[in-house]
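The values are calculated or read from the model by the stated rules, or taken from the named source; none is laboratory data. Not measured: the values here are computed from a predicted model. Counting neighbours? That spans all protein chains shown, and the Cβs are built from the backbone with ideal geometry, glycine included.
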Amino acid sequence: MAETVLYEVNDGLATITLNRPEAMNAMNTEAKVALRDAAQAAASDDSVRAVLLTAAGDRAFCVGQDLKEHVGGLHAARASGGGEGVMSTVREHYNPIVRALTGAAKPVVAAVNGVAAGAGFGFALAADYRVVAETAAFNTSFAGVALTADSGISWTLPRVIGPGRAADLLLFPRSITAQEAFELGIANRLVPSGELRAEAEKVARTLAEGPTLAYAALKESLAFGLSHSLDETLEKEDELQSRAGASEDHLIAVQAFVNKEKPKYLGR
């Protein structure tokens with residue numbers, strides 16, 4: 001992977017680190033390609049049992065699109081009579097990143113160390129669980145630069161905070177403090193900034209050591225239930241529960257409970 005994004009797998013935990021702290025981890029083309037490749041690698045690697053998405057530095061998790069690079073592309077597109085090509089980054093980069101994170105059959109934890117704006121906010125919302133530093137902040141940003149939502153935020157944000165509040169934050173972009181994000185349900189856990197990495201790794205490691213097949217089924221069930229009827233969701237729960245009940249992990253868990261032991265899951 002490129003140096004703009006670091007990728008490491010250690011004992012079943014894949015850590016993806018956005019690594020442009022000097023640019024507040026803004027997404028230039030190199031970083032977008034590297035993040036897309038890292039997210040897809042983590043999602044497809046059966047040895048990876050959980051994913052931790054984090055960022056270097058203490059100012060920003062990710063402020064979204066690198067606008068310095070973007071404005072150059074806009075001027076070039078206008079000069080050549082084009083325009084739509086510069087926005088192909090949504091299809092080529094942002095959409096695959098979000099699909100990989102949300103569709104991964106394993107839990108994804110985001111450690112939000114600072115500002116998460118625009119696509120950076122979208123990437124954080126694509127995670128299943130967000131550990132957030134008390135000094136962090138969130139901003140949708142899109143309308144502030146005359147753009148609509150991307151990076152899945154029009155799907156994830158209303159599901160987290162409700163459509164009314166999502167519309168408010170998208171139509172009137174503003175900085176949301178970590179405390180407000182916690183109250184809205186955007187942040188799952190607030191920690192002092194100096195403890196963020198250790199706490200996020202602890203959360204991700206706990207998930208990596210857990211019943212990952214069950215976690216994958218839970219992700220699928222939650223996503224399904226949000227867009228289907230109760231009857232359809234009940235049928236999906238039956239299907240997924242039958243699959244989970246036939247797993248080795250379920251037998252291990254029940255046997256460990258009976259024996260009053262801590263289960264050691266195998267992910268199968």
Name the single residue that is surrounded by the most Cβ atoms within 10 Å (Cβ to Cβ) among those in region 190-209 being within 19 Å of the chain's Cα centre (by Cα) and free of Cβ contacts under 8 Å to residues at least 60 places away in the same chain.
Leu190
Using beta carbons and a limit of 6 Å, which pairs, at least six apart or on different chains, have the first residue in region 17-43 and assigned to a strand (DSSP E or B) and the second one of a type in the set (Asp, Glu)?
Met27/Asp66
Given (1) in contact (Cβ under 8 Å) with a residue 24 or more places away in the chain; (2) in a helix (DSSP H, G or I); (3) out of contact with any Leu (no Cβ under 8 Å at 6 or more places or on another chain), index of the condition Leu169 fails:
(3)
Of (1) closer than 30 Å to Asp45 by Cα; (2) in a loop (DSSP other than H, G, I, E, B); (3) touching a helix residue (DSSP H, G or I) at 6+ places or on another chain (Cβ under 7 Å), Glu220 satisfies every one except (2)
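In contact with a strand residue (DSSP E or B) (Cβ under 7 Å, 6 or more places away or on another chain) and more than 16 Å from Ala119 (Cα to Cα): which single residue out of Ala167, Ala181 fits that description? Full working, then the answer.
On the way: Ala167 fails: in contact with a strand residue (DSSP E or B) (Cβ under 7 Å, 6 or more places away or on another chain).
Result of the check over Ala167, Ala181: Ala181.
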In region 42-60, how many are surrounded by fewer than 24 Cβ atoms within 10 Å (Cβ to Cβ), hydrophobic (A, V, I, L, M, F, W, C) and farther than 14 Å from Asp128 by Cα?
2
Evaluate the following for Leu184: is it in the same structural domain as Asp58 (by TED's automatic domain parsing) and within 24 Å of Leu52 (Cα to Cα)?
yes
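Test of understanding: among Asp46, Asp66, which residue is at pLDDT below 95 and touching a strand residue (DSSP E or B) at 6+ places or on another chain (Cβ under 7 Å)?
Details: Asp46 fails: touching a strand residue (DSSP E or B) at 6+ places or on another chain (Cβ under 7 Å).
The unique qualifying residue is Asp66.
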